[in-house]
Amino acid sequence: MPWVATVARWVLGGVFLAAGALKLPDPDAAVRAVRAYRLLPEPLVAPVAFGLPVLEIAVGLALVAGVFVRTAAVVAAALLVVFLGGVGSAWARGLQIDCGCFGGGGEVAAGETAYPAEVVRDVALLAVALALARWPGSRLALGGRHAEATPSNEEGERVP
Amino acid sequence: MSPETRREAARRRIAEKRAAEERARAQERRRRQTLVGGVAAAVVVVLAVVVVIAVQSARTSTSPDAAVPANTTDGGTAFAVGPADAPVTVDVYEDFLCPACRQFEAAAGATLAELAADGTAQVRYHPIAILDRASTDDYSTRALNAAAAVADAAGTEAFLDFHDALFTEQPAEGGPGLTDARLVELAAGVGAAGPDVEEAITGLVYGDWTREVTDAASRAGVSGTPTVLVDGAPLQDRSAEGLRAAVAEAQEG
């Protein structure tokens, strides 16, 4: 199981790192992508468009490195729930937008939306995040045992 | 029980108690380390968010006295063809790199010109730049900047000719766009020649303006190109017949 958790950390962390990093080079596009959801009031659009990638990168780094794994997994799960809500509501309202999950976003030609695939991907990642939040112990984690000590794997209880 | 074994048992109890205390202290130390580390990490993340928001805001801000091309309408964001008092207004949002826009122009461009010429509709072209990612040299922005330079120097008729020429010579997505030299040539071909136009094209003089009009379109709810609005209502059937039908309906309504 620890190795499974390691792979889960890398996959989830890698996705978050990429998603965050790809949103940074073109801030104008990031603003348009967030605005295209038509969910946030205008004053919040830019801060969310600029701040969200930082959060994604922070979560990604923590997961890849293996520090604060449980906290990072919980934040990742919370973000994914928000993303699912956004994509689901855009789908339900019939908006023709790209989710902008990995940069770009906003603009998409009619009939080129990919909502089902986006929802499936986010649900799969959410399952991984929740599993990691439940069982954060893994190999090759920088944080080691104490960073994410749980009653069952605390060093103290194993001392003879 | 002999005094000897009793003493041993007492000693063992004391040792166990000490070990337990030591474990508790170590646990407390770890807990404190984790807490300090967690607070430090949270502070770093918050700081990073603040810094990045500030940096990205600076990157997206446009100069308040950015050059706006002449011969525009709708707050400097559009180029209008046809009488301002025409019964119907058609707004066309296009990106010069967007293949669907070229298809729309091929299918309905002539119809738009006719509607404007016979006074049925005023056609307002809102060229925007949303596909810079789809070329290797920010072609959407460069093409839009060049179109602004042409409109500024030679008027909306020249803009329209240049606009048509750009769609005729539209490069494929994913590669380089037309070179600045080619844009200058095409501009000269529609009557916008001279060092000023050349400087405006190669120097990206209307660069800030391209971002302002793109942002304005986004704020107006345009999330894709082409977006065609007939009296504000999105045109679904973007064929020549679809356009005529929608304009006729708007005219009656």
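Yes or no, residue by residue, for (1) farther than 29 Å from residue B:137 by Cβ; (2) assigned to a loop (DSSP other than H, G, I, E, B):
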position: B:54; (1), (2): no, no
position: B:65; (1), (2): no, yes
position: B:76; (1), (2): no, yes
position: B:80; (1), (2): yes, no
position: B:90; (1), (2): yes, no
position: B:96; (1), (2): no, yes
position: B:100; (1), (2): no, no
position: B:105; (1), (2): no, no
position: B:109; (1), (2): no, no
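Segment A:1-116 holds helices (runs of 4 or more DSSP H) entirely within its bounds, and those carrying 1 or more residues that are at pLDDT 95 or above, surrounded by fewer than 20 Cβ atoms within 10 Å (Cβ to Cβ) and not small (Gly, Ala, Ser) map to A:2-21, A:42-65, A:69-92.
Which of the residues spanning segment A:32-47 are of a type outside the set (Gly, Ala, Ser), within 14 Å of residue B:221 (Cβ to Cβ) and within 7 Å of chain B (Cβ to nearest Cβ)? Matches in segment A:32-47: A:32, A:35. Against the condition within 14 Å of another protein chain (Cβ to nearest Cβ), buried (at least 23 other Cβ atoms within 10 Å of the Cβ) and touching a residue at least 24 places away in the same chain (Cβ under 8 Å), how does residue B:129 come out, does it pass? In short, yes. Taken over segment A:23-43, the residue count meeting the criterion of being under 14 Å from residue B:59 (Cα atoms), of a type in the set (A, V, I, L, M, F, W, C) and more than 19 Å from the chain's Cα centre (by Cα) is 1.
Residue check: is residue B:173 touching a Leu at 6+ places or on another chain (Cβ under 7 Å) and modelled with pLDDT under 95? Here the answer is yes, as residue B:173 does meet what is asked.
Here the helices (runs of 4 or more DSSP H) wholly within segment B:139-253 that include at least 3 residues being within 14 Å of chain A (Cβ to nearest Cβ) are B:139-168, B:207-219. Test residue B:86 against the criterion of being assigned by TED's automatic domain parsing to the domain that holds residue B:229 and either touching a residue at least 24 places away in the same chain (Cβ under 8 Å) or in contact with a Gly (Cβ under 9 Å, 6 or more places away or on another chain) (or both), and give yes or no. So residue B:86 fits the description; yes.
Out of the residues in segment B:1-16 meeting the condition of being in a helix (DSSP H, G or I) and of a type in the set (Gly, Ala, Ser), tell me which one is nearest to the chain's Cα centre (by Cα). Among those that are in a helix (DSSP H, G or I) and of a type in the set (Gly, Ala, Ser), it is B:15. In segment B:44-91, the qualifying residues are those that are among the charged types (D, E, K, R) and loosely packed, with under 15 Cβ neighbours inside 10 Å, and the one that is farthest from the other protein chains (Cβ to nearest Cβ) is B:85. Hey, does segment B:16-27 have a residue that's free of Cβ contacts under 8 Å to residues at least 60 places away in the same chain, more than 12 Å from chain A (Cβ to nearest Cβ) and not aliphatic (A, V, I, L, M)? Yes: segment B:16-27 contains one or more residues that are free of Cβ contacts under 8 Å to residues at least 60 places away in the same chain, more than 12 Å from chain A (Cβ to nearest Cβ) and not aliphatic (A, V, I, L, M).
The values are calculated or read from the model by the stated rules, or taken from the named source; none is laboratory data. No experiment lies behind these values; they were computed from the predicted model shown. Cβ coordinates were reconstructed from backbone atoms using ideal geometry, including for glycine residues, and neighbour counts include every protein chain displayed.
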